[in-house]
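Everything below concerns the one structure shown next.
Only the coordinates and a few stated rules stand behind these numbers; no lab work does. The structure presented is a predicted model; accordingly, all values stated were derived computationally and were not measured. Methodologically, a virtual Cβ is constructed for each residue, glycine included, from the backbone with ideal geometry; neighbour enumeration extends over all protein chains shown.
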Amino acid sequence: MSVVDRQEWDVIVVGAGGAGLRAAIEARERGARTAVICKSLFGKAHTVMAEGGIAASMGNANPHDNWQVHFRDTMRGGKFLNQWRMAELHAREAPDRVWELETWGALFDRTKDGRISQRNFGGHEYPRLAHVGDRTGLELIRTLQQKIVALQQEDEKETGDYESRLKVFQECTVTRILKDGDRVSGVFAYERESGRFFVLEAPAVVIATGGIGKSFKVTSNSWEYTGDGHALALLAGAPLLNMEFVQFHPTGMVWPPSVKGILVTESVRGDGGVLRNSEGKRFMFDYIPDVFKEKYAETEEEGDRWYEDPDNNRRPPELLPRDEVARAINAEVKAGRGSPHGGVFLDVSTRMPAEVIRRRLPSMYHQFKELADVDITAEAMEVGPTCHYVMGGVAVDSDTAAARGVPGLYAAGEVAGGMHGSNRLGGNSLSDLLVFGRRAGLHAAQYATGPAARPTVDDAQVDTAAAEALRPFSAEGPVPGEDIEERSRPPENPYTLHQELQQTMNDLVGIIRRESEMQQALKKLAELRVRARRAGVEGHRQFNPGWHLALDLRNMLLVSECVARAALERTESRGGHTREDYPAMERAWRRVNLLCALTDPTGGLAATDPVRGQITLTSETTEPIRPDLLALFEKEELVKYLAEEELYE
Ligand code: FAD
């Protein structure tokens, strides 16, 4: 038996982004001893990169805004596939979560009369994004971190130990959720710096690990986004929901190649930026889909007037939901009307004075100046779609954030599915993190400190997890279950495997999808899975990035297979999922959720080599939308989205 350090906690939160930190604060405040564990430095989570703002219907910039309008916008953005109860809770609770942040010390930009300022964003009917310039995520994390430190100071006063009730394990990676029978018993993790293994025991685990973007070649996501939480849930026996929905943000940098994919915030368009093709045309007016026709301006003049007089004019189509704008850019480039480096032009220089651009979009100004030598106050940016966000994720209960089928497991933030349906509106992630991070922490704490006996960690599972983690150091030895021919093959380089995976997902399961290409992708993924079993590394366990990547590959391959299988199955186009061979949104598909689970029902722990695990896809009917929520929409609009039998009902 391997000897690893063990500690006992009530709640373990995996991830220290917005969702993880908000969950940890709530769990600790509810009396649960809480451990937070994160792959990167404390304060360095992906949430820090969020730019535009937090969507919440506070009504500061337009008094007509309220939770019902926000709910409607969110459902429209998600093309009605959203888990409607999540969309309701999110719209109702987001304002409280923003005001709460302010009481914890967040310094938002202000309106002239001193209230929290709110800006326009795609798909939101009113200016709704509370923001701090274009560095909102940084302020959000800073505030949550400060709150954690304040709680630790309280604990020190009472117990003499800052970390007695709330401790952060930074630069540590979880590779397995451990279980006692059906329920959660803790996590297995390694310290990135030393390579040391350890176990945290607890009855409740909240997964808050963010997204999956690093499976794609062009992405706005950081190195942490390797789909770990999605894979950990799958391996623990929890299904993933609607993984075909991956958001390609319309505006990533396209040049120079070294920065391709880095995000250009939607605030640029929210604040007046316009998209033009190589002929100088504002092409978005040609791409307003029927379902949105009544809500968007027909002429440039009307669109421009809307910025000053939103009550009497309609929004410009540059502010359509992201999926629509990304597809339009893709079509323009394909039609030969793109910019020199394969994107289109995004211009603020002719729309705002230079000093306003520098004040409202300071990060964008510096990003383009330093990375591309482009002065956005004087010339247009070149932009194109980039893989940005995953709407699919762990299937959770809307109210409690409990993962389906695994008692003690919770998920919140980008890793959880359902909230955003087939497409997320900008700004709705930061509010999602706060609303459902809090709910996950609350329910995890209640569960963990409840009457049930504490679970026991099984030594055999710890040994299996340790052997799995050490496998890349002995890739030359036999891999359990492989044949003689395979055994003679040399070890594989994890970086090569990763590049091949990213290219495959980008080219074959990207923004526009076709059946033959996705089948090709699944074949390639199967080949990569076999090769990944031989992913080998040299050196030792002390900070060894090759080893870390070899371990992350398991997660990226599992998640990519889910995306490809679900995308192949859904024969329609909806939100972030566009099928060239099935271009229409089909009302019958609105009632269908696709669930991915590991074929090995034990969650892979019993198998000698869990990487062999395959994905099984099932479909289920979505829960009917509550009548009082349906009543918030005009009947004519519902006809465009709901399935025949739903309208009848
Ligand atoms: P994260 O903030 O990514 O945190 C994940 C945490 O999990 C990290 O601490 C990581 O270290 C940890 N982790 C991962 N795997 C493991 C593991 N195996 N073991 C231990 N720890 C692990 N949304 C908005 O609403 N508004 C915006 O303006 C906005 N702007 C954005 C700009 C950019 C450039 C990008 C990329 C995204 C933006 N988004 C925005 C989206 C939003 O930032 C993310 O969806 C959100 O921050 C995700 O938060 P999270 O808490 O779920 O995960």
Which is farthest toward the positive dipole end of the chain among Ser349, Ile262, Trp84, measuring Cα position about the Cα centre, with Cβ charges +1 (Lys, Arg) and -1 (Asp, Glu)?
Ile262
Residues Ser267, Ser573, sorted so that the one with the fewest Cβ neighbours within 10 Å comes first
Ser573, Ser267
Loop sites only, by DSSP: take the chymotrypsin sites (Phe, Trp or Tyr not before Pro) in the chain that have at most 15 other C-beta atoms within 10 Å and name the longest stretch containing none of them.
224-542
So, with +1 on the Cβ of K and R and -1 on the Cβ of D and E, and no other charges, what is the size of the charge dipole of region 51-107 about its Cα centre, to the nearest 20 debye?
340 debye
By counting other Cβ atoms within 10 Å of each Cβ, how are His388, His420 ranked from fewest to most?
His388, His420
Can you pull the one-decimal nm distance between simple spin-label points at Glu301 and Thr496, each 7 Å off the Cα toward Cβ?
6.3 nm
Please give the net charge around Gly227, taking every other residue with its beta carbon less than 13 angstrom from that of Gly227, where Lys and Arg add +1 and Asp and Glu add -1.
-2
Under the rule that a partner needs its Cβ under 4.7 Å from the first Cβ, which Cys of the chain have none?
Cys38, Cys172, Cys387
Output the pairs from Lys217/Lys524; Lys295/Lys635; Lys147/Lys214; Lys167/Lys214 with a Cα-Cα distance over 21 Å in this structure; if there are none, say none.
Lys147/Lys214; Lys167/Lys214
Quick one: putting +1 on the C-beta of Lys and Arg, -1 on the C-beta of Asp and Glu, what dipole do you get for region 132-264 around its Cα centre, in Debye to the nearest 20?
500 debye
Exposure proxy check: Ser258, Ser619, Ser422, Ser398 ranked by fewest other beta carbons within 10 Å?
Ser258, Ser619, Ser398, Ser422
Amide H within-cut-off set for Glu8, under 5 Å, with H built and near neighbours excluded
Glu201
Which of the GluC sites (Glu not before Pro) found in region 178-221 are loop residues per DSSP with 13 or fewer other Cβ atoms within 10 Å of their Cβ?
Glu193
Among Ala189, Thr299, Ala411, which residue has its Cα furthest toward the positive end of the charge dipole of the chain, with +1 on Lys/Arg Cβ and -1 on Asp/Glu Cβ?
Ala189
In the neighborhood of Ala32, defined by Cβ-to-Cβ distances under 10 Å, what is the net charge if each Lys or Arg adds +1 and each Asp or Glu adds -1?
+1
Helix-only mean residue ellipticity at 222 nm, the chain, DSSP H runs n ≥ 4 weighted -39,500 (n - 2.57), per residue, nearest 500. What is it?
-11000 deg cm²/dmol
Using the Cα gyration tensor of region 326-403, with a ≥ b ≥ c the square roots of its eigenvalues, what is the shape: rounded (a/c below 1.5), prolate (a/b larger than b/c) or oblate (neither)?
oblate
For the chain, convex hull of alpha carbons as volume per residue, Å³
153 Å³
Interchain or long-range residues, amide H under 5 Å from Thr386's placed H:
His249, Thr251, Gly252
Residue span Asp96 to Leu41: 0.36 nm per residue of separation minus Cα-Cα distance leaves a gain in nm of 16.9 nm
Size of electric dipole in the chain: Cβ of Lys, Arg +1 and of Asp, Glu -1, about Cα centre, debye, nearest 20:
440 debye
